[in-house]
Each structure stands twice: as structure tokens, then as C-alpha cells.
Amino acid sequence: MQFYLPLQESKQKPAARALTSEGTDDARDEEWMKRAMELAERAKEGGEIPVGAVVVLGDDLVGEGCNMIRASVDPSGHAEMIAIRQAAQRLGNYRLTQCTLYVTLEPCCMCAGAIILARMKRVVFGARDVKTGCAGSALDLIGLPKFNHVARVKAGVMEDACSKQ
Ligand SMILES: [Zn+2]
């Protein structure tokens, strides 16, 4: 059973220029969100709820995943979990302190937990999830100052496109 998506399977690299340090943060965030949206599309094709996620370190993609709950018969098979696991294994470090997670849908409580445990630097998400979103909508777990780590959150990047997937 395959839990990790090989990186080479991705359809195309996002426009390199937009992802270099020269681009603005907003432009870079949108380019990476487009990549996450491609992965969400892949989940949809597989009969899953369409959610895609990528983990980025600097200008490099280090992890990616799409929702695979049905395919893996695993309630923890969320796009973020798969992308975070892949990034940690690729980098040989369970702490992802310099990484940014891009995900098309606001993370749930489980994924918010993984984001905190991984000490993720930044989280960028597209569509808000009023029922289960734990980055501010249903609950703000990621921003809870009581926890030992608080990731920076940017909400609503390409929100319309993400919510229409
Ligand atoms: Zn989740």
C-alpha cells in the first residue's frame, strides 16, 4: 500500500521564477497553493474528498500529499499528514521548523496537532472549514498561545478556487 506520493509523479513544476526568493510572498504562496490544488484534484479523481498539501523548505518542495482516507483505509490519511511525514523523512528530521505547509483546506484537529508537533514555521491554507477547521474557524488550535509552539497562519489564499474544488 502506498502512502507516499512519489514527487516525480507531479504533473509539472510550478513556474520556477515565481518560486524564487525574488518573487513576493503572496505570489510564491499562490504558486505553491496551485501545486496543492493539483494534488487535491488527484484525490478527487480517486474518489476522495479533494484536499491537497505540500511542504516547502526555502524554494524546495520536500513533501506532498493528497487525501487518501479511502484508498489507505486510514482515518489519519489526510493530505497534510502524508506531506508532513514525507517531508520529515526526506529531511531526516521530525522537526520542520523552517518549513511552510500549504493546504487547500483549513487543517483539522489532527493535522493541527501534527503541525504543532512538527514545529512547522508557517501554515498557508485556502478554503476555510467552519465545521472542523482548527486554524481559526471552528477552533484556533494552531494559534493557541498555551502550546509550546505557535505556527504563523495565512488563511484564504486562493480561497474561492480552493473552495470550489
Ligand atoms: Zn486533517
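Read-outs: derived from the displayed coordinates by stated rules, not from any lab. Keep in mind the model is a prediction, meaning the values are calculated, not measured. Methodologically, a virtual Cβ is constructed for each residue, glycine included, from the backbone with ideal geometry; neighbour enumeration extends over all protein chains shown.
With label points built 7 Å along Cα→Cβ from the Cα atoms of THR132 and GLU45, find their separation and express it in nm.
Those two pseudo-labels are separated by 2.4 nm.
Just the number, please: percent antiparallel of the DSSP beta bridges in the chain, rounded to the nearest 5.
60 percent
For the range 50-61, just list the computed ³J(HN,Hα) in residue order, Karplus coefficients 6.51, -1.76 and 1.60, θ = phi - 60°, integers in Hz, with x standing in for Gly and Pro.
x, 9, x, 8, 9, 10, 10, 10, x, 9, 10, 7
Would you check the chain for Lys pairs whose C-alpha atoms are within less than 18 Å, ignoring same-chain pairs closer than 8 in sequence, and give me the count?
Going through the chain pair by pair, I get 10.
For the range 80-165, give the share of DSSP beta bridges that are antiparallel, in percent and rounded to the nearest 5; count only bridges with both residues there.
So the antiparallel bridges amount to about 10 percent of the total.
Sort GLU45, GLU31, GLU80 by Cβ crowding within 10 Å, fewest neighbours at the top.
Ascending number of Cβ neighbours within 10 Å: GLU45, GLU31, GLU80.
Can you tell me what the convex hull of the Cα atoms of the chain projects to on average, as an area in nm²?
Result: a mean projected hull area of 8.9 nm².
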